[in-house]
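Read through the structure below, which is laid out as structure tokens, and then see the notes.
The values are calculated or read from the model by the stated rules, or taken from the named source; none is laboratory data. Because the structure is a prediction, the values reported are computed rather than measured. Every residue, glycine among them, receives a Cβ derived from its backbone with ideal geometry; neighbour counts consider all protein chains shown. For accessibility, only protein heavy atoms count, side chains too; no ligands or nucleic acids. Shrake-Rupley method; radii C 1.70, N 1.55, O 1.52, S 1.80 Å.
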Amino acid sequence: MTEQSSKQKQPVAIFFFTAALILFATGMLWGIMGALSYVFPGLLKSTFSFEKIRPLHVSSVVFWIILSAIGSVASFLQQHTGRKIYSPRLLRIQFFIFCITIILILCSYLMGKFGGREYWEFHPVFAIPIVIGWILFLINMLRSIRHFKKQPVYIWMWCTGIVFFLFTFLESYLWLFPYFRNNIVNDMTIQWKSYGSMVGSWNMLIYGSSIFLLDKISGSQRYSYSRIAFLLYFLGLFNLMFNWGHHIYTLPTHSFIKHIGYLVSMTELILLGRIIYLWKSSLSTAKKQYHLLAYRFLLAADIWILLTLILAIAMSVPAINVYTHGTHITVAHTMGATIGINSFLILAFITDIFKDQFPAVKPSLKFFNAGYWIANIALFIFWVSLVGAGILKAQWQMSEHQIPFGSMMQQLHPYFIVFFVSGILLTIGFLFIIFVLLRQQRNACKQTGEK
Amino acid sequence: MVFPEKSKLLLVILLLVGFITYTGFIYKDLPVTTSHATSAAMEGKALWQQKNCNACHQVYGLGGYLGPDLTNVFSKRGPAYISAFLKNGTPVMPNFHFTQTEIDALLAYLKNIDHSGTADPRKFTKHYDGTIE
């Protein structure tokens, strides 16, 4: 991490952030439209129904996380090695492959063409360019680090994340073979095996980057090489590989899958609790001030890690999961993880990288502060409304004499209204931040252009 | 205190071997080997995916939240009731303008799912160690 390298211009990585931030903004707008379908059921049913809106929303925000995680890893990797990435050209090719594929995917949804799998709802043909792009990323990573000897933990985490994403993404397409597809229980077992580990692998990319950033903020690399950092990495890898059974406790699949999932999931508490504890204690207040904007996102993410973790651990107990499964509590957990943890962490990375890249252009603090607080408060209300709706639905699922589904949804309506309004506020908060970041980038480009 | 390089390698290999064995075992011994779907049911599954029913409906509690879980809809409601829904849509669910063959395929698929088990959370026994049956 040399001074010169951190100032090195990294135009390609920056493109990833531009595209990712645009996807983030539009993805949230689709989210608002989706929430509208809950508040006014049947809205736009014949032209623009929920089965189109949901994938538009999900894919946009999933690619926000993936593109920005790639950009962050690529940037931090170059700061770590002090050299340019092995091949900026490959990275550029990867960027174009991803962008074109994402545009085609979003257009295919608008035309009503689906692959119809959860999360990756696009036609399977689009998986091919994603895999190719991902292999380019893997090559770039391995060639840039050259060897594994005496590498800090985040390098291990990034490599693990890239390799396992590739594997689990391919695994999630095994349903294309009749052997895996022709029984629903088999199909769903493999599907959630792959999805469970896939989330773990992109978390490896993101958590690895946060460890890098915290080391950078604290000015010491001690943690990244420590024994405890590696122990926790191995515990994380263990979870990535074996905890996925907690997604399918109610599926009539092998019971050993569920038992393994349950046992392994219970180790998660140690993992993250310890990570947070170490991060914080290694930071001195003065240095915190220096990187203030990025650090603030890390702080928000810390709080969300706690909330999400408590919920996740509870939901991983089968006897509790049987209540929460299939309810909005699962959604609350996902939103806590993808917005509260992933998005806040990524915004921390982008803020930090832009600060190094565009030192002459300061982001607008007024908008930043407003956006930060609106997003945090709105996210909390959003999360509570989902938990509330989930509790009511859980009661309904368990009640002896169930009222009709439609009547139950009617009872949840007040929660959906709160969810919708807080969703709008959340979007406004994030749009402020996105606006600040994109403007910072544009102004910097203008300045270099004028020079 | 640092982690010896050799132990890192050893642990990664150990975990990888475990993961590959676990994965291979599950692929080879899939949970259900007895019942396989008819071709009509497989066509129904393809339609289910092409129309993205999953965006609104769940199977075994996984999927969307706008509509009801459909795992056991076949035994609960029967084919005539389901056909009526599929022919006309509802105030929320669009009318997909299915042909009769397509409706039959979807019915075969829903029947197939229904036979695989029950998704009703009330049917589980909860134990004090946190497990369920």
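What you get for the protein assembly as shown, charging only the Cβ of Lys and Arg (+1) and of Asp and Glu (-1), is a dipole of about 1900 debye around the Cα centre. Computed with a 1.4 Å probe over protein heavy atoms only, the accessible area of B:Met93 comes to about 40 Å². Each chain gives up part of its surface: B and A jointly bury about 6400 Å² of accessible area, both sides summed, for a 1.4 Å probe. The aspartates and glutamates within cross-link reach of A:Lys362, meaning a Cα-to-Cα straight distance under 15 Å and a gap of 8 or more places when in the same chain, are A:Asp352.
With respect to the cross-link table entries A:Lys150/A:Lys355; A:Lys113/B:Lys45; B:Lys76/B:Lys126; A:Lys150/B:Lys6; A:Lys149/B:Lys8; B:Lys45/B:Lys111, which display a Cα-Cα separation exceeding 19 Å?
Details: A:Lys150/A:Lys355 29 Å; A:Lys113/B:Lys45 15 Å; B:Lys76/B:Lys126 24 Å; A:Lys150/B:Lys6 11 Å; A:Lys149/B:Lys8 10 Å; B:Lys45/B:Lys111 11 Å.
Those over the limit are A:Lys150/A:Lys355; B:Lys76/B:Lys126.
Sequentially through segment B:87-104, phi angles give Karplus couplings (6.51, -1.76, 1.60; θ = phi - 60°) of 6, 10, x, 9, x, 9, 7, x, 7, 8, 6, 6, 7, 4, 4, 5, 4, 4 Hz, Gly and Pro residues having no value and appearing as x. Projecting the Cα positions of A:Gly406, B:Leu10, A:Thr330 onto the charge dipole of the protein assembly as shown (unit charges on Cβ atoms of Lys, Arg, Asp and Glu, taken about the Cα centre) puts B:Leu10 furthest along the positive direction. Hydrodynamic analysis of the protein assembly as shown uses the Kirkwood radius over alpha carbon pairs. Inserted into Stokes-Einstein at 25 °C and 0.890 mPa s, it gives a translational diffusion coefficient of 99 µm²/s. Measuring from centroid to centroid over Cα atoms, what is the spacing of segment B:105-124 and segment A:382-451 in Å? Here the two parts' Cα centres lie 32 Å apart. Reducing segment A:339-364 and segment B:27-74 to their Cα centroids gives an inter-centroid distance of 42 Å. A straight chain from A:Ile128 to A:Ile417 at 0.36 nm per residue would run longer than the Cα-Cα distance by 100.1 nm. If the segment from A:Ser399 to A:Val331 were pulled out straight at 0.36 nm per residue, it would be longer than the present Cα-Cα gap by 22.4 nm. For the protein assembly as shown, the solvent-accessible area of protein heavy atoms averages 41 Å² per residue (probe radius 1.4 Å; ligands and nucleic acids excluded). Spacing of the modelled spin labels on A:Ile103 and A:Phe367, each 7 Å from Cα toward Cβ, amounts to 2.5 nm. Distance between the modelled labels on B:His36 and A:Lys84, one decimal in nanometres: 5.5 nm (7 Å Cα→Cβ projection). One Cα centroid belongs to segment A:184-250, the other to segment A:298-317; the line between them spans 14 Å. With equal scatterers on the alpha carbons only and no solvent term, can you work out the Debye log10 of I(q)/I(0) for segment A:8-146 at 0.13, 0.15 1/Å? Log-scaled intensity ratios, in q order: -0.60, -0.75.
At a 1.4 Å probe radius, carbon and sulfur cover how many percent of the accessible area of the protein assembly as shown? Accessible surface attributable to carbon and sulfur in the protein assembly as shown totals 69 percent.
Legend: mean number of C-beta atoms from other chains within 10 angstrom of residue C-beta atoms, peptide B:42-55, equals 5.
Estimated from helices alone, the mean residue ellipticity of chain B at 222 nm is -16500 deg cm²/dmol (sum of -39500 (n - 2.57) over DSSP H runs with n ≥ 4, per residue).
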